[in-house]
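The values are calculated or read from the model by the stated rules, or taken from the named source; none is laboratory data. Since the structure is predicted, the reported quantities are computational estimates derived from the model, not experimental observations. A quick note on method: Cβ atoms are made from the backbone with ideal geometry, for glycine too, and the neighbour counts reach across all protein chains shown.
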Amino acid sequence: MYTDGSCLKNPGGPGGYGVVISDKEKRTELSGGYKSTTNNRMELLACIKGLETFEDKQAIVLYSDSLYVINGIKKGWVRRWRANGWMRNKTGRAINADLWERLLALSEYHVINFQWVKGHNNNKENERCDYIAQMAASGYDLLEDYGLAAGPGNRPPQSPTTILTQHSFIASLQP
């Protein structure tokens with residue numbers, strides 16, 4: 001599974017996510033766009049949206065060009081932030097806690113091998129994710145990113161599982 005996020009005017013501009021999931025039987029592309037967000041939020045959301053398509057517990061290789069995502073998981077930063085009440089240190093709140101919480105729940109359910117791939121380096125699937133993320137960010141019916149609007153700590157008034165879940169575009173294509 002390949003993922004990418006995009007924010008056309010980071011931070012606070014329109015953003016989108018793109019996901020490509022391929023196996024021997026089919027190819028699925030997902031995307032969605034938001035009015036005002038950040039690149040890091042879209043990178044996280046791409047991972048979440050892709051992983052949410054797998055109903056049964058699976059072993060998944062997730063490729064991302066975001067060191068924020070990869071290091072957050074592989075270096076244990078996110079688990080440490082969660083254990084500390086979503087604090088990075090004594091005074092600094094962890095940013096994007098709403099999305100990190102969702103990604104952690106999915107990564108504790110599935111067996112995920114997070115792999116970094118260099119962005120904009122002629123990797124066909126990464127380039128496709130980048131393209132569909134940018135197209136989603138350029139869309140006309142963009143959603144609100146309520147997690148971003150919640151400010152520090154990203155604790156929106158609604159449940160984290162209902163944030164950023166509407167209007168995803170899914171296309172299944174035969175290889």
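What the table shows:
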{"read-out": "Looking only at the stretch 52-71, and only at residues there that are closer than 14 Å to Ala105 by Cβ and in contact with a helix residue (DSSP H, G or I) (Cβ under 8 Å, 6 or more places away or on another chain), the one that is surrounded by the most Cβ atoms within 10 Å (Cβ to Cβ)", "value": "Glu52"}
{"read-out": "Residue list for the stretch 7-26, filter: of a type outside the set (A, V, I, L, M), modelled with pLDDT of 95 or more and over 19 Å from Tyr146 (Cβ atoms)", "value": "Gly18"}
{"read-out": "Filtered residue count, the stretch 81-133, keeping only those that are of a type in the set (Lys, Arg), touching a helix residue (DSSP H, G or I) at 6+ places or on another chain (Cβ under 7 Å) and free of Cβ contacts under 8 Å to residues at least 24 places away in the same chain", "value": "2"}
{"read-out": "Any hit, the stretch 104-127, residues being at positive phi and of a type in the set (Phe, Trp, Tyr)", "value": "no"}
{"read-out": "All strands (runs of 3 or more DSSP E) inside the stretch 7-120 with 2 or more residues being among the basic types (Lys, Arg)", "value": "none"}
{"read-out": "Residue list for the stretch 17-41, restricted to those being within 15 Å of Asp65 (Cβ to Cβ) and either in contact with a Leu (Cβ under 9 Å, 6 or more places away or on another chain) or surrounded by fewer than 17 Cβ atoms within 10 Å (Cβ to Cβ) (or both)", "value": "Tyr17, Gly18, Val19, Val20, Asn40"}
{"read-out": "Qualifying residue in the stretch 100-107 (condition: over 15 Å from the mean Cα position of the chain (by Cα) and either surrounded by 17 or more Cβ atoms within 10 Å (Cβ to Cβ) or not acidic (Asp, Glu) (or both))", "value": "no"}
{"read-out": "Lys35 being in contact with a strand residue (DSSP E or B) (Cβ under 8 Å, 6 or more places away or on another chain) and more than 16 Å from Leu99 (Cβ to Cβ)", "value": "yes"}
{"read-out": "Some residue of the stretch 39-46 being small (Gly, Ala, Ser), at pLDDT below 95 and in contact with a helix residue (DSSP H, G or I) (Cβ under 8 Å, 6 or more places away or on another chain)", "value": "no"}
{"read-out": "Close pairs (6 angstrom Cβ cut-off, 6 or more residues apart or separate chains): among the aliphatic types (A, V, I, L, M) in the stretch 17-30, surrounded by 14 or more Cβ atoms within 10 Å (Cβ to Cβ) and assigned to a loop (DSSP other than H, G, I, E, B) anywhere", "value": "Ile21/Met1; Leu30/Ser168"}
{"read-out": "Hey, Gly76 modelled with pLDDT of 95 or more and buried (at least 19 other Cβ atoms within 10 Å of the Cβ) or not", "value": "no"}
